[in-house]
Amino acid sequence: MSKDIKIKKGLDIKLVGEAEKSVEQAIISNFCTIRPEDFHSVIPKLVAKEGTTLKAGDVIFYDKSNEEVKFVSPVSGTVIEVLRGPKRRIDAVKIQADREQSYNDFGKFNMNSDAKTTKAHLLASGCWPFIKQRPYDVIANPEKSPKAIFISGYATAPLAADLDFVLQGKEAELQAAVSALSKLTEGQVHIGVGSRNSPLASMTDATIHNVSGPHPAGNVGTHINKIDPVNKGEVVWTVNAQDLVIIGELLMTGKLNAERVVALAGSSVKKPRYFKTRIGSEVATMVYDNGVEKDGNDRIISGNVLSGKQLKPDGSLGYYDNVISVIPEGDDYELFGWTKPVFNKISTSRALTFSWLTPKKKFALNTNTNGEHRAFVVTGSYEKVFPLDIYPMQILKACKYEDLDEMEALGMYEVAPEDFALTEFICVSKQPHQDIIRKGLDLMLKEIG
Amino acid sequence: MGLKSSLHNFKEKNKDKKWLPAFSAIHTFLFLPNETTHNGTHIKVADDLKRTMNTVIMAMVPCLIFGMFNAGYQHHLAFGDIQQATGGFFSSAFWTMDNFMVGFWKVIPLVIVSYGVGLAIEILFAMKNSHEVEEGYLVTGMLVPLIVPIDTPLWMLAVAVAFGVVIGKEVFGGTGMNILNPALTIRAFLFFAYPTWMSGDKVWVEGAVERDQMIAAGENLDAISGETILGSLAQNKEVGYEVMDMFYGLIPGSVGETSVLLILLAGLFLIFTKIGSWRIMLSSAIGALVMGLIFNGVVSSGWITESSKFYGLMSTEFWHHLLIGGFAFGTVFMATDPVTASQTNKGKWIYGFLIGFISIMIRVFNPAYPEGVMLAILLMNVFAPTIDHYVVQGNVKRRMKRLKVKTA
């Protein structure tokens, strides 16, 4: 039973600096940094204190509210620093990597094991954090069983890494991971693919859906809404396609190999291309060689330009990210910028903005907000880029005035912040939609759970 | 860079001053600010609220200029200085410097007072609440001079603007929070506080009121009258204008409301730029036509005779209603105000339809004030949240049903 997903509402943001399809081995990063903030709502309980030596796959910390959920080191090395913020909150754990990597051996996994063993294996080996859940867009609660698992094999976000390309040749690992995951749900594993050439298109133990349309066609949130929306009390899980490879390799070899192919993209990059690197590696190992000017005024983002996280030049690749985007900062004034005709920026209106004349043009956008923050005024524009069966402005307002009943009624269980990236991008009032949704989800998680 | 960096330094130096919003309001008109995104989307579209509002103002400028010419034309025509212009919209007797200057000196003060008072209040509130000055008033300030009679005294306008901005908008929290359209709140205040200045046959022609006062003082002059078409119809009088005059706008009326041709072009421009809602404009026109047809039907089936006081307006051909009075202007520029209109697409259809429908109903049944579009829009402004509520409930119910099917 395959159900194709075809959406019309949305917007493809075409940017300069798409990564060329060639993979380079990144310089091996001396340090690996794990930031608990990548795991939303997890309060870490530190296991590996400063000075501890770790193998790849050894536990660094676990989730205080659920000790089973362990977070392991992607590299072997020594913990050299635990950075703390206010109230001794752990901001980052910095590990100095060994030259020769050694791995904690979890053993080759018997693929015929039952659900309970599979779950225990994934939890013990630190693969669990790769599995996220909706509602709330947080790491999956292992005690609840999901009604379905969703995987998107189609990336439509601007400058996203081409999943067909980065997953090439990984069919065996993908299949192992998909088969293992399929045991953990009573329902099905749904995989959305952009084309029949996708390495994921031939997976068994899963339902394959052909996806087409503008961004956010590739977002897993769109697939959930179109195939099997989350109702109150239900849970679905989502896994990034690339993380399946890590899970699959662990199952097949017993080693946690946190290697990942990452796209370096954006208009500030001289030669945008792909790198083979590790989770938590310093971005400096990738962005400067044939990439960005060292003293340039650029923004480095771990993730895509819509939902990624801003990094300092000494920052490191986020736990879930497979793109590093670099775009120019826009911290300059523009004379009469609010009224003059605009040709070099994207716009969804035609108010003396002319991007509608050049639908195929690729733009080099910077980080300027192009206007100041205002109250919600314009109506009807979000709906044009928002394919979910939800009223976007109404749910945003419900989050702002913290009406839990209304948030629930309007479909808060179904959404994640990234679903509101496009509405935030086109927002004339420059409201922080993703942040509003995140805070709304946090409130619900706290009050309803 | 001289100006750019000195303004920037000035802003940085006075960051914590109370009056900074006043400076920023001007600063941001010169330069698009240097603000950058933080986490969230790192890029943003080119449009902001200033650009959106400015597009609406651009659409209004032709109406404003036409209004100036028309004010002079109506003045000279009533005073017997010129003959009726023949040849419609492009008549050379209409587009004269003489006409323009009369209108110019009457309309520009209206614009200045409207913006001066309104923006001053906006800036005061912005400073008090320490937020930036929001752009909503840019459109309101331009709408106000276009929807009042040409001879409206400036002090009256100032009082009305102060009332409208404070009570209509700021008490709710400013742009984006108001329930009633501020421009119409101002217009409604004027209408109910100073009715003699807002209707009748004297106020629509520049100088007519003054002439009346001179006659009252005992001077031997002819009275000037310039009845609007709706005014004539309400009194079952003969209308002395051709349909094309109504379309082109060479008729008495509020400053900017008369030229349906220019309003139609402005409406198309707003739809093309995706700033105005075509749903509201279209459904409002449909609503008006339906109500007009109903009245025409009532007349043709003989329920109403010529002796009725409603006969004049009821028997007006249904599509003429789109051309006369402020209907076109209200539909294109005020019913479409996104803050006070319905916010859902389905809701917009209902909201627009009812505005058109009720406009014509009030127009016909209210003998005191023949124009209904103002009251219809204000009424529907109040109902817009209710309409949206029921539209959104449709979505909520679908979700509930899905849940029930699952658990059943």
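Assorted remarks:
- Checked against (1) surrounded by fewer than 23 Cβ atoms within 10 Å (Cβ to Cβ); (2) modelled with pLDDT under 90, B:F269 meets all criteria but (2).
- Flag: A:Y288 matches the condition of being aromatic (F, W, Y) and either at pLDDT below 90 or closer than 23 Å to A:K94 by Cβ (or both).
Each row is one residue, and each column tells you yes or no for (1) farther than 30 Å from A:V305 by Cα; (2) surrounded by fewer than 19 Cβ atoms within 10 Å (Cβ to Cβ).
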| residue | (1), (2) |
| --- | --- |
| A:L15 | no, no |
| A:E24 | no, yes |
| A:V42 | no, no |
| A:T53 | yes, yes |
| A:A56 | yes, no |
| A:P74 | no, no |
| A:E81 | no, yes |
| A:K87 | yes, yes |
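- Pairs where the first residue, in region B:131-155, is within 14 Å of chain A (Cβ to nearest Cβ) and the second is surrounded by fewer than 22 Cβ atoms within 10 Å (Cβ to Cβ) and aromatic (F, W, Y), C-beta under 9 Å, 6+ apart: B:H131/B:F125; B:V133/B:F125; B:Y137/B:Y115; B:L138/B:Y115
- Residue among A:A201, A:A217, A:A176 that alone is at pLDDT below 90 and farther than 17 Å from A:V323 by Cβ: A:A201
- Residue check, B:H131 part of a helix (DSSP H, G or I) and of a type outside the set (S, T, Y): no
- B:I304 being part of a helix (DSSP H, G or I), of a type in the set (V, I, T) and assigned by TED's automatic domain parsing to the domain that holds B:M374: no
- In region B:1-17, the residues that are assigned to a helix (DSSP H, G or I) and loosely packed, with under 10 Cβ neighbours inside 10 Å: B:G2, B:E12, B:K13
- The set of residues in region B:28-56 that are buried (at least 17 other Cβ atoms within 10 Å of the Cβ) and assigned to a helix (DSSP H, G or I) comprises B:T28, B:L49, B:K50, B:R51, B:T52, B:M53, B:N54, B:T55, B:V56.
- Residues in region A:324-347 that are buried (at least 18 other Cβ atoms within 10 Å of the Cβ) and either in contact (Cβ under 8 Å) with a residue 60 or more places away in the chain or at positive phi (or both): 6 in all.
- In the set B:N99, B:N39, only one residue is among the polar types (S, T, N, Q) and over 30 Å from B:I224 (Cβ atoms); that residue is B:N39.
- Test for B:I82: is it part of a loop (DSSP other than H, G, I, E, B), assigned by TED's automatic domain parsing to the domain that holds B:L268 and either of a type outside the set (F, W, Y) or on the phi > 0 side of the Ramachandran plot (or both): yes
- Single residue of region B:381-404 satisfying the filter (of a type in the set (A, V, I, L, M, F, W, C), under 27 Å from B:V339 (Cα atoms) and within 7 Å of chain A (Cβ to nearest Cβ)) that is farthest from the chain's Cα centre (by Cα): B:V396
Yes or no, residue by residue, for (1) surrounded by 24 or more Cβ atoms within 10 Å (Cβ to Cβ); (2) in a helix (DSSP H, G or I); (3) of a type in the set (K, R):
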position	(1), (2), (3)
A:N141	no, no, no
A:A201	no, yes, no
A:I208	no, no, no
A:P216	yes, no, no
A:I224	yes, yes, no
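- Hey, B:L77 exposed (fewer than 15 other Cβ atoms within 10 Å of the Cβ), in a helix (DSSP H, G or I) and not acidic (D, E) or not: no
- Being crowded, with 23+ Cβ neighbours inside 10 Å, touching a residue at least 12 places away in the same chain (Cβ under 8 Å), within 14 Å of another protein chain (Cβ to nearest Cβ) and over 13 Å from B:D388 (Cβ atoms) is a condition met by at least one residue of region B:339-359.
- Within region A:368-379, residues that are more than 7 Å from chain B (Cβ to nearest Cβ) and touching a residue at least 60 places away in the same chain (Cβ under 8 Å) have Cβ atoms under 8 Å from residues that are of a type in the set (S, T, Y) and assigned to a loop (DSSP other than H, G, I, E, B) in no pair, counting only partners at least 6 apart in sequence or on another chain.
- Verdict on A:V235 being closer than 30 Å to B:M400 by Cα and either of a type outside the set (S, T, N, Q) or not assigned by TED's automatic domain parsing to the domain that holds A:D58 (or both): yes
- Meets criteria (touching a helix residue (DSSP H, G or I) at 6+ places or on another chain (Cβ under 9 Å), buried (at least 16 other Cβ atoms within 10 Å of the Cβ), in a loop (DSSP other than H, G, I, E, B) and of a type in the set (F, W, Y)) for A:F61: no
- Residue in region B:181-195 that is surrounded by fewer than 19 Cβ atoms within 10 Å (Cβ to Cβ), in contact (Cβ under 8 Å) with a residue 40 or more places away in the chain and within 30 Å of B:D47 (Cα to Cα) present: no
- Look at (1) in contact (Cβ under 8 Å) with a residue 40 or more places away in the chain; (2) assigned to a loop (DSSP other than H, G, I, E, B); (3) not hydroxyl-bearing (S, T, Y) and you find that B:V113 fails only one, number (2).
Results for (1) within 25 Å of B:I65 (Cβ to Cβ); (2) of a type in the set (S, T, N, Q); (3) not in a loop (DSSP other than H, G, I, E, B), shown as yes or no for each residue.
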| residue | (1), (2), (3) |
| --- | --- |
| B:G267 | yes, no, yes |
| B:I294 | no, no, yes |
| B:T316 | no, yes, no |
| B:H320 | no, no, yes |
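- Counted as qualifying within region A:249-355 are the strands (runs of 3 or more DSSP E) with 2 or more residues that are more than 10 Å from chain B (Cβ to nearest Cβ) and of a type in the set (D, E, K, R), namely A:259-265, A:273-278.
- Enumeration of residues in region B:3-52 that are hydroxyl-bearing (S, T, Y) and facing chain A (nearest Cβ under 10 Å): B:S5, B:S24, B:T28, B:T36, B:T37, B:T41, B:T52
- For region A:412-436, a residue qualifies if it is part of a loop (DSSP other than H, G, I, E, B), at the interface with chain B (Cβ under 7 Å from one of its Cβ atoms) and buried (at least 23 other Cβ atoms within 10 Å of the Cβ), and exactly one does: A:V428.
The values are calculated or read from the model by the stated rules, or taken from the named source; none is laboratory data. As the structure is a prediction and not an experimental result, all values here were calculated from the model. Don't worry about glycine lacking a Cβ; one is built from the backbone with ideal geometry, like all the others, and counts go over all protein chains shown.
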